[in-house]
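Asker: What follows is a structure written as structure tokens; I'll ask about it next.
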Amino acid sequence: MRIEGAPYLVNLSRPEAVRKEGAQPEAVQATPAPARPRSFDRVELSRESRELERLKRELAALPDVRLDRVALAKQNLQDGVYRVTSAVSAQRMMEAYGKR
């Protein structure tokens, strides 16, 4: 069986060509969106979150170097009481920088 002729051809690139013969396009009426009350976004932080933020601010205010500890180490070095073996220094450096 062979199908030929214009009534059997459909142009898929034009969707309006797929309508039934003689059918009128349906009028699309725009319906207004229902009126909704204005809503606002709101965020509430938990007590733990506020405490964490406070601690972060306090930590940021602290100096990076504890000057009292530095002064004590300098005094111990000058007095000759601060003694550290090279093995202990190497071990601490490996602990701090070797495990990355």
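Just so it is clear, none of the values below were taken in a lab; they were calculated from the coordinates. If you're wondering where the values come from, they're calculated on a predicted model, not measured in any experiment. Positions of Cβ are generated from backbone atoms using ideal geometry, with glycine treated the same way; all protein chains shown enter the neighbour counts.
Asker: With a bin width of 10 angstrom, please list the P(r) values of the stretch 47-100 as percents of all Cα-Cα pairs, from the 0 bin to the one holding the largest distance.
Answerer: Here the calculated profile for the stretch 47-100 is 19, 23, 31, 20, 7, 0.
Asker: What's the extension gain from residue 77 to residue 62 if we count 0.36 nm per residue and subtract their Cα-Cα distance?
Answerer: Taking 0.36 nm per residue and subtracting the Cα distance, the gain is 2.8 nm.
Asker: On to the next question. By per-residue mean of other Cβ atoms within 10 Å, what is the highest-first order of 59-66, 77-84, 39-46?
Answerer: 77-84, 59-66, 39-46
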